[in-house]
Amino acid sequence: MKKNNPTKHPMNESTQEFLKELTLILGQRYVITDEIDQASYLTDWRKKYTGLALAVVLPKSTQQVSDIVKICQKYQISMVPQGGNTSMVGGAVPNQSGQQILISLKLMNRIIELDQANQTMTVEGGCILQVAQEMAQSKGFLFPLSLGSEGSCTLGGNLATNAGGTNVLRYGNAREQCLGLEVVNAQGQVINSLRSLRKDNTGYDLRHLFIGSEGTLGIITQAIFKLFPLPKTQWTALVSLDSIPKAIELLRICQQMGSGLLSGFEMMTRESLSLIELHFKQFKNPMAGDPNLIVLIELSDQESEAHARQIFENILEHALESNTITDAIVAENLTQVNHFWQMRDHITLAQAMEGGNIKHDITLPLSSMTHFITQTDAMLKKEFPGLRVINFGHLGDGNLHYNMSPPIGADFSEFVNNYESRISEIVYAQVDKYKGSISAEHGIGQSKAGVLKAHRGEQAYETMLSIKKALDPHNLMNPDRVVLVG
Ligand SMILES: Cc1cc2nc3c(=O)[nH]c(=O)nc-3n(C[C@H](O)[C@H](O)[C@H](O)COP(=O)(O)OP(=O)(O)OC[C@H]3O[C@@H](n4cnc5c(N)ncnc54)[C@H](O)[C@@H]3O)c2cc1C
């Protein structure tokens, strides 16, 4: 656990000049130097990392972001961009040197345009995801990106982390939903690729370089997202199953019989459900018989209610008859649909309330999932008796949140300090063995920067380093995140 109480150093003349220049551009109010006022920006969502900042700055326009970056270049001060500060990998808080600034995009939160004919939405980088979803819905469109943190996370942050969430199966992750970007690069220049085109083969696609770069190459100030027709009807059910192989079989059934309508496939293990019940009494497991697994299935349809219902009923009937599932509860109204989804989303919150956990946001080929889970569970439980494996996730994408809670009664901080690296070593070695990825959707941040090279391979890592050095030669953009320079 890297939580600590860092202390600030006195300021020298050059730093004072630096802050003066920032204040001239932004105004006193938007250059926060008071430690108490800074506090909420400096600790991450998991309360695992706390840093210090020379200043927290709040630009209101792309021009101001550009000016800030140029001033940072002049004084060689490094910058940490922050959106909603919901990073799971400590990506959006500064280090403990007290020599960085934090650039919060939270005042750049406007929806600039909703183009109905082109089915696109242009937003500022600090626009909250849920605000974009609601705006799209009010105009009859779907903004499909959807995450448990959608009430706080920002679209700039979503792109910077190439966020996934619960709709990837049908609509892809943030990268696939984005058509254009405006980015302030490490020199403070504005790269305007704000194009809303579905086809654009004009050389290197810079958009894809910045998406997923976690603020290490530039700051996303605006973006254009695709919109989709709002589904006419959605069918949601919770089903119980005995095992992971059955869940994978169910996914195959849903994909084969679902006529492309499958939009959600979320797995929750018994241990995850117990944790939710413990911390959120309103989310009692509704399935009878204490099943090993529950899967939330959702089908969304543009056609008619009858069309979707028929497909949904066929799937459930077949799954029951083939003993793939043991039981099913179909949501009867929107309240129940929301209840099912909230139950799924509350696993992360329940884990936080339990005192934290050791997180592994991994992907695996579905064909290896069962072997991975069976072997890794056994290895971990043998070496760490009593360890609680809280495994849940976007199974439809092969994405597991394969998290560990300490044995009941163990001191969380002590357990993490002593065993986190060994536990992760076991998990990641297994991920490599089965040709998976050590980060499915949360990114690398500072948590995994130290292990990226080992898992991506020498050449891929060196290529990433070359890109970083070429675009940010002074290593001022969110240093020590993703790739480690020098
Ligand atoms: C309860 C909960 C549920 C979650 N569920 C999911 C999930 O299902 N799927 C998923 O993918 N993630 C999930 N997350 C993780 C997190 O919400 C995502 O990573 C999200 O995309 C981060 O957005 P943010 O605005 O909070 O970014 P921040 O946390 O502020 O920043 C994340 C990273 O992006 C950089 N950054 C932020 N804004 C910009 C910008 N404008 N330009 C350049 N760089 C920037 C930061 O420097 C940092 O490296 C969840 C988090 C929580 C707390």
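The values are calculated or read from the model by the stated rules, or taken from the named source; none is laboratory data. The structure presented is a predicted model; accordingly, all values stated were derived computationally and were not measured. Positions of Cβ are generated from backbone atoms using ideal geometry, with glycine treated the same way; all protein chains shown enter the neighbour counts. The accessibility values were calculated without ligands, DNA or RNA, using every heavy atom of the protein model including side chains. Shrake-Rupley method; radii C 1.70, N 1.55, O 1.52, S 1.80 Å.
Annotations for the structure displayed:
- Semi-axis lengths (Å, descending) of the ellipsoid that matches the C-alpha gyration tensor of region 395-486: 28, 17, 12
- Cβ-based charge dipole, the chain, positive-most Cα from L58, G355, H401: L58
- Computed FRET value (nearest 0.05) for Q130 with Q282, which takes r as the C-beta separation and R₀ as 30 Å: 0.90
- Overall form of region 102-206 per C-alpha gyration tensor (a/c, 1.5; a/b vs b/c): rounded
- With Cα atoms, 0 to 90° folded angle of helix 305-321 axis to the chain main axis: 60 degrees
- The long axis of helix 129-138 is offset from the longest Cα principal axis of the chain by roughly 60 degrees.
- Relative to the longest principal axis of the Cα atoms of the chain, the long axis of helix 244-257 lies at roughly 90 degrees.
- Ranking N118, N478, Y419 by Cα position along the charge dipole of the chain, where only Lys, Arg, Asp and Glu carry charges on their C-beta atoms, puts N478 farthest toward the positive end.
- Candidates per trypsin sites (Lys or Arg not before Pro) in region 39-80, loop by DSSP, up to 14 other Cβ within 10 Å: K47
- I103 sits with roughly 0 Å² accessible to a 1.4 Å probe, with DNA, RNA and ligands left out of the calculation.
- Computed on protein heavy atoms with a 1.4 Å probe, the accessible areas place M257, M353 in the order M353, M257, largest first.
- Near-label residues of region 166-191 by backbone N, under 18 Å of a point 7 Å along Cα→Cβ of N118: 176-183, 191
- Shape call, region 233-349: gyration tensor on alpha carbons, a/c limit 1.5: oblate
- Extreme residue, positive dipole direction of the chain, given options S304, Q38, F265 (C-beta unit charges): Q38
- Computed helical MRE - 222 nm, the chain, DSSP H runs ≥ 4 contributing -39500 (n - 2.57), nearest 500: -11500 deg cm²/dmol
- Once the Cβ-Cβ distance of Q255 and Q99 is raised to the sixth power relative to R0 = 60 Å, the FRET efficiency obtained is 0.70.
- If only the Cβ of Lys and Arg carry +1 and only the Cβ of Asp and Glu carry -1, the dipole of region 1-123 around its Cα centre is close to 400 debye.
- For the chain, a simple Cβ point-charge model (Lys and Arg +1, Asp and Glu -1, everything else neutral) yields a dipole of about 900 debye relative to the Cα centre.
- Rounded to the nearest 20 debye, dipole of region 171-282 from Cβ charges on Lys, Arg, Asp, Glu: 360 debye
- Taking max minus min of the alpha-carbon positions on each principal axis, the chain gives extents of 75, 57, 44 Å, largest first.
- Amide H contacts of K232 (H built 1.01 Å from N, under 5 Å, at least 5 apart or other chain): D301, Q302, E303
- Per atom type, region 13-104 shows carbon and sulfur on 51% of its accessible surface, probed at 1.4 Å.
- Largest to smallest accessible area among W341, W45 [probe 1.4 Å]: W45, W341
- Tensor-based shape of region 13-104 (alpha-carbon gyration tensor, a/c under 1.5 rounded, otherwise prolate or oblate): prolate
- Other residues with beta-carbon under 11 Å from the beta-carbon of H208 carry, at +1 per Lys or Arg and -1 per Asp or Glu, a net charge of 0.
- 13 Å beta-carbon shell around L364, net charge (K/R +1, D/E -1): -1
- Region 358-399 versus region 74-129: alpha-carbon centroid distance in Å: 32 Å
- Protection-proxy order for peptides 112-118, 411-417, 471-477, each taking the mean of Cβ atoms within 10 Å per residue, highest first: 471-477, 411-417, 112-118
- Gain upon complete extension [I426, A470; 0.36 nm per residue less C-alpha separation]: 12.4 nm
- Computed from the C-beta positions of A454 and N418 and an R0 of 30 Å, the FRET efficiency is 0.90 to the nearest 0.05.
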